[in-house]
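K.L.:
Dropping the structure in here first, questions after.
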Amino acid sequence: MPTVMLRKFEKVCAIVEKYDNDPAKLIPILQEVQNEYRYLPEEVMAFVATTLGLSPAKVFGVASFYAHFALQPKGKYVVRLCDGTACHVKGSDGILQALYKKLGLDEKNPTTPDMLFTVETVACLGACGLAPVVVINDTVYGQVTPEKAAALVDEIRVKEDGSHVSA
């Protein structure tokens with residue numbers, strides 16, 4: 001493989017080598033690649049396929065089958081809002097609308113242009129006793145209101161650079 005291409009995919013090469021170039025370990029390889037890029041770029045999946053001796057269709061098939069994998073870029077902060085029964089009954093839709101309004105997003109455009117936030121809804125987060133629940137990256141927030149969700153966004157923006165707080 002040309003040296004320029006190997007340099008471009010240096011981190012991907014290290015991940016694949018960590019798993020001994022074993023095609024049977026495709027899922028953990030893709031998980032680590034996604035951790036690196038925050039999604040699975042098409043060219044990276046093709047490179048992984050070639051490196052492991054798999055067809056690009058096989059790698060894409062695995063990546064598109066599992067909901068955990070993202071095929072589009074996500075923001076630095078992924079805001080997952082539970083819309084399971086308990087959360088829905090306790091007002092998760094109002095929280096979703098508040099987040100969309102605060103961030104200028106909608107269902108078709110879930111990621112801010114600055115790649116700071118992505119808003120997603122999930123069927124259940126398994127924390128029904130805390131409903132409604134929002135998880136931002138790995139932090140769980142319970143009994144969230146639309147106002148609290150907007151405040152969480154402001155806190156993150158202040159932490160990031162202090163200049164993006166908006167009404």
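The values are calculated or read from the model by the stated rules, or taken from the named source; none is laboratory data. All of these numbers come straight from a predicted model, not from anything done at the bench. Because the Cβ atoms are built from the backbone with ideal geometry, glycine has one as well, and the counts that use them run over all protein chains shown.
K.L.:
Could you list, in sequence order, all residues of region 26-57 that are in contact with a helix residue (DSSP H, G or I) (Cβ under 6 Å, 6 or more places away or on another chain), within 12 Å of PHE69 (Cα to Cα) and in a loop (DSSP other than H, G, I, E, B)?
P.N.:
Within region 26-57, LEU40 is the sole residue that qualifies.
K.L.:
Follow-up. Take the residues in region 17-52 that are aliphatic (A, V, I, L, M) and more than 21 Å from the chain's Cα centre (by Cα), then tell me which one is surrounded by the fewest Cβ atoms within 10 Å (Cβ to Cβ).
P.N.:
ALA24
K.L.:
Can you tell me which condition ALA63 does not meet? The list is (1) surrounded by fewer than 17 Cβ atoms within 10 Å (Cβ to Cβ); (2) within 16 Å of the chain's Cα centre (by Cα); (3) of a type outside the set (Phe, Trp, Tyr); (4) part of a helix (DSSP H, G or I), and all the others hold.
P.N.:
(1)
K.L.:
Let me ask another. Under 7 Å between Cβ atoms, at least 6 apart or on separate chains: pull out the pairs that start in region 124-152 with a residue that is in a helix (DSSP H, G or I) and of a type in the set (Gly, Ala, Ser) and end on any residue that is modelled with pLDDT of 95 or more and surrounded by 15 or more Cβ atoms within 10 Å (Cβ to Cβ).
P.N.:
Short answer, once both residue conditions are applied: ALA149/ILE95; ALA149/ALA98; ALA149/LEU99; ALA149/VAL134; ALA150/ALA98; ALA150/LYS102.
K.L.:
Sticking with this structure for a sec: Is there a residue in region 106-124 that is basic (Lys, Arg) and at pLDDT below 95?
P.N.:
yes
K.L.:
Can you tell me which of (1) in contact with a Cys (Cβ under 8 Å, 6 or more places away or on another chain); (2) modelled with pLDDT under 95 is the one ALA131 doesn't meet?
P.N.:
Only one criterion is unmet by ALA131, namely (2).
K.L.:
Still on this model: Out of (1) under 26 Å from ASP154 (Cα atoms); (2) not assigned by TED's automatic domain parsing to the domain that holds PRO146, the odd one out for LEU30 is which?
P.N.:
(1)
K.L.:
Which one of these is crowded, with 16+ Cβ neighbours inside 10 Å and assigned by TED's automatic domain parsing to the domain that holds VAL135: ASP93, ASP83?
P.N.:
So the residue among ASP93, ASP83 that is crowded, with 16+ Cβ neighbours inside 10 Å and assigned by TED's automatic domain parsing to the domain that holds VAL135 is ASP83.
K.L.:
How many of the residues making up region 96-113 are surrounded by fewer than 18 Cβ atoms within 10 Å (Cβ to Cβ) and either in contact with a Gly (Cβ under 8 Å, 6 or more places away or on another chain) or on the phi > 0 side of the Ramachandran plot (or both)?
P.N.:
1
K.L.:
Could you grab me the full set of residues in region 123-139 that are loosely packed, with under 15 Cβ neighbours inside 10 Å and either touching a Leu at 6+ places or on another chain (Cβ under 6 Å) or not hydroxyl-bearing (Ser, Thr, Tyr) (or both)?
P.N.:
Answer for region 123-139, where residues must be loosely packed, with under 15 Cβ neighbours inside 10 Å and either touching a Leu at 6+ places or on another chain (Cβ under 6 Å) or not hydroxyl-bearing (Ser, Thr, Tyr) (or both): ALA123, CYS124, GLY126, GLY129, ASN137, ASP138.
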